[in-house]
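The values are calculated or read from the model by the stated rules, or taken from the named source; none is laboratory data. Here the structure is a predicted model, which is why all the values come from computation and not from measurement. Here the Cβ is made from the backbone with ideal geometry for all residues, glycine too, and neighbour counts use every protein chain on show.
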Amino acid sequence: MYSEKVMDHFTNPRNVGEIENADGIGQVGNAKCGDIMKVYLKIENDIIVDVKFKTFGCGAAVATSSMATELIKGKTLDEASKITNKAVTEALGGLPPVKMHCSVLAEEAVIAAIDDYKKKMGMDVPDTRCSGCCGKCGDTRTE
Amino acid sequence: MDKGIIYLDHAATTYVKPEVFEAMKPWFTEYYGNPSAIYSLGRQSKKAIEEARAQIAYCLGAHPTEIFFTGSGTEADNWAIKGTALANQKKGKHVITTVIEHHAVLEAFDFLRKEEGFEVTYLPVNENGLVNPEDLKKAIRPDTTLVSIMYANNEIGTIQPIHELASIAREKGVVFHTDSVQAIGNIAVNVKELDVDLLSLSAHKFYGPKGVGALYVRKGIKMESFIHGGAQERKRRAGTENVPGVIGMAAALKLAYDNLEDYNNHLGKLSSRFIEKVLERIPYVHLNGDREQRLPGNVNFSFRFVEGESLLLMLDMKGIQASSGSACTSGSLDPSHVLLAIGLSHEIAHGSLRITFGEKNTEEEVDYLVDTLEEIVEKLRKMSPLYEEFVKNH
């Protein structure tokens with residue numbers, strides 16, 4: 001069902017944990033859907049110097065969380081903001097169609113953490129992209 | 001200990017017992033005649049399937065003419081439900097089932113509702129998964145023609161008071177069907193004692209082969225044929241009989257009935273050991289289903305703050321084959337309808353794990369399972385934002 005790369009990231013997820021006094025924290029998803037992802041960012045001079053995550057969810061949710069953190073580590077905020085679920089999925093060598101929504105969650109968690117940082121810094125935050133998956137409005141998984 | 005595969009999903013399917021396989025073998029290669037043929041090779045097959053039918057009828061307390069072979073338990077359920085509802089629709093178009101049935105039953109009722117204009121009443125269950133007979137009494141109307149309630153639940157193992165429920169239907173003259181796919185092989189099912197009209201079973205749940213099941217149809221029950229064609233099964237279910245399959249089913253059923261007590265004791269011991277150790281060693285665990293009225297080999301736990309598919313994948317890496325009611329394992333977006341019906345929140349339902357023990361499982365395997373589970377649950381909780389939140393707030 002899952003590719004080797006997905007299983008590798010599921011079995012040995014990179015960047016699991018918390019960052020104390022994180023500069024940005026984003027949490028998306030809800031328990032009703034069965035997956036929640038929380039991302040912690042440490043940011044210095046607009047660069048993501050460290051990132052950690054915690055995820056409650058299936059194999060694909062854990063693997064995409066892990067891959068997304070790998071992709072944004074060391075990147076500038078602008079670069080990291082451009083992360084897409086497509087990029088995360090491709091880096092994992094693909095996901096089964098029923099699991100594609102999990103990759104959206106990873107993308108949204110990263111964006112939410114960056115937005116959280118920007119808000120704290122008094123910067124402008126664009127409207128959150130909505131895939132119907134983040135659970136904020138209760139209308140979950142309509143995509 | 002052997003770190004090969006530890007199979008703990010016997011409610012999904014079982015292996016074929018060697019004795020059963022031996023009984024089936026010659027009917028593939030040597031005695032392959034079509035039971036409908038009049039020559040000796042055909043008559044031999046016919047005789048064998050009739051003996052198998054008699055054996056199954058004997059075990060179930062039925063008459064051989066009341067046993068019909070099908071291609072699966074799902075087919076038996078579909079036939080029982082659609083066949084009787086459609087045959088009796090002049091009498092009424094109201095039918096009753098429960099919210100915790102197997103999809104084979106629920107989808108058959110959905111078909112009646114959406115395609116044939118039937119009205120379906122779904123009986124609720126309590127927090128242990130039990131139907132209240134009073135609810136059935138209240139639900140039966142003058143135009144009710146069929147009640148279908150499963151004997152034992154496939155996910156949480158809850159055993160329904162079928163005799164009591166069937167008696168209520170009998171009093172009101174309503175046909176009663178029970179899906180006993182999970183019960184057969186664990187319970188000494190007897191159709192006369194239960195007083196049911198229709199009962200489905202599936203061979204691969206009790207160490208028989210896949211692709212063969214049966215439907216008990218009490219004499220005099222009016223129902224439509226489901227599969228049209230030849231004159232097999234007294235013109236009620238066409239198609240050349242699965243000769244090795246029905247022979248295997250009969251052999252497996254006889255073995256199951258002969259060893260019922262020992263089998264139940266063995267499973268009961270394993271389940272108790274597993275339940276006790278988990279409750280003792282892993283915090284924030286919920287045992288789903290009824291503690292008493294349940295199949296001896298079924299244990300269904302919810303581990304809070306973890307998700308079922310992740311749990312299954314990690315167990316699989318340790319050689320343990322189990323099942324979950326998590327949405328991610330069901331292919332849909334919602335967790336199991338059974339777990340939601342007994343009142344579990346989505347979050348708790350997502351963290352469910354179903355273990356169904358079988359004949360070959362050992363106490364050592366239970367201990368290995370508990371050790372492994374403890375480790376995995378701890379690992380998953382460490383990376384769960386829900387657990388983090390919970391710890392901070394307590």
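Points worth noting:
- Condition met for residue B:97 (in a strand (DSSP E or B), crowded, with 20+ Cβ neighbours inside 10 Å, in the same structural domain as residue B:58 (by TED's automatic domain parsing) and modelled with pLDDT of 95 or more): yes
- The stretch B:275-312 - residue that is exposed (fewer than 15 other Cβ atoms within 10 Å of the Cβ) and of a type in the set (Asp, Glu) and, of those, nearest to the other protein chains (Cβ to nearest Cβ): B:280
- The residues of the stretch A:15-48 that are over 25 Å from residue A:121 (Cα atoms) and either in contact with a strand residue (DSSP E or B) (Cβ under 9 Å, 6 or more places away or on another chain) or part of a strand (DSSP E or B) (or both), listed by number, are A:16, A:30, A:31, A:34, A:35, A:36.
- If you go through the stretch B:175-203 and keep only what is in a loop (DSSP other than H, G, I, E, B) and surrounded by 24 or more Cβ atoms within 10 Å (Cβ to Cβ), you end up with B:180, B:181, B:182, B:183, B:185, B:186, B:189, B:196, B:197.
- Scan of the stretch A:4-14 for residues that are in a loop (DSSP other than H, G, I, E, B) and more than 10 Å from every other protein chain (Cβ to nearest Cβ), ordered by number: A:12, A:14
- Count of the stretch B:247-273 residues, restricted to those that are without any contact (Cβ under 8 Å) to a residue 60 or more places away in the chain and under 28 Å from residue B:27 (Cβ atoms), is 2.
- Qualifying position, being under 24 Å from the mean Cα position of the chain (by Cα), more than 10 Å from every other protein chain (Cβ to nearest Cβ) and crowded, with 17+ Cβ neighbours inside 10 Å, among B:352, B:272, B:326: B:352
- The set of residues from the stretch B:313-323 being assigned to a loop (DSSP other than H, G, I, E, B) and within 12 Å of chain A (Cβ to nearest Cβ) comprises just one member, B:318.
- Only residues that are in a strand (DSSP E or B) and surrounded by fewer than 24 Cβ atoms within 10 Å (Cβ to Cβ) were counted across the stretch B:146-169, and they come to 1.
- Test set (1) within 30 Å of residue B:244 (Cβ to Cβ); (2) outside any helix (DSSP H, G or I) - residue B:125 fails condition number: (1)
- Taken over the stretch B:345-356, the criterion of being assigned to a loop (DSSP other than H, G, I, E, B) and in contact with an Asp or Glu (Cβ under 9 Å, 6 or more places away or on another chain) is satisfied by B:351 alone.
- Criterion (out of contact with any helix residue (DSSP H, G or I) (no Cβ under 9 Å at 6 or more places or on another chain), surrounded by 15 or more Cβ atoms within 10 Å (Cβ to Cβ) and part of a helix (DSSP H, G or I)) met by exactly one of B:267, B:255: B:267
- For the stretch B:355-373, the set of residues classified as under 22 Å from residue A:58 (Cβ atoms) and surrounded by 20 or more Cβ atoms within 10 Å (Cβ to Cβ) consists of B:355, B:356, B:369, B:373, listed by residue number.
- Some residue of the stretch B:374-386 being within 29 Å of residue B:15 (Cα to Cα), crowded, with 18+ Cβ neighbours inside 10 Å and away from chain A (no Cβ under 14 Å): no
- Residues of the stretch B:112-139 that are surrounded by 15 or more Cβ atoms within 10 Å (Cβ to Cβ) and more than 25 Å from residue B:343 (Cβ to Cβ): B:112, B:118.
- Looking across the stretch A:15-39, the residues that are crowded, with 16+ Cβ neighbours inside 10 Å, more than 10 Å from chain B (Cβ to nearest Cβ) and of a type outside the set (A, V, I, L, M, F, W, C) come down to A:15, A:23, A:24, A:26.
- Entry remark, the stretch A:47-97: residues being within 14 Å of another protein chain (Cβ to nearest Cβ), small (Gly, Ala, Ser) and free of Cβ contacts under 8 Å to residues at least 24 places away in the same chain number 0 in total.
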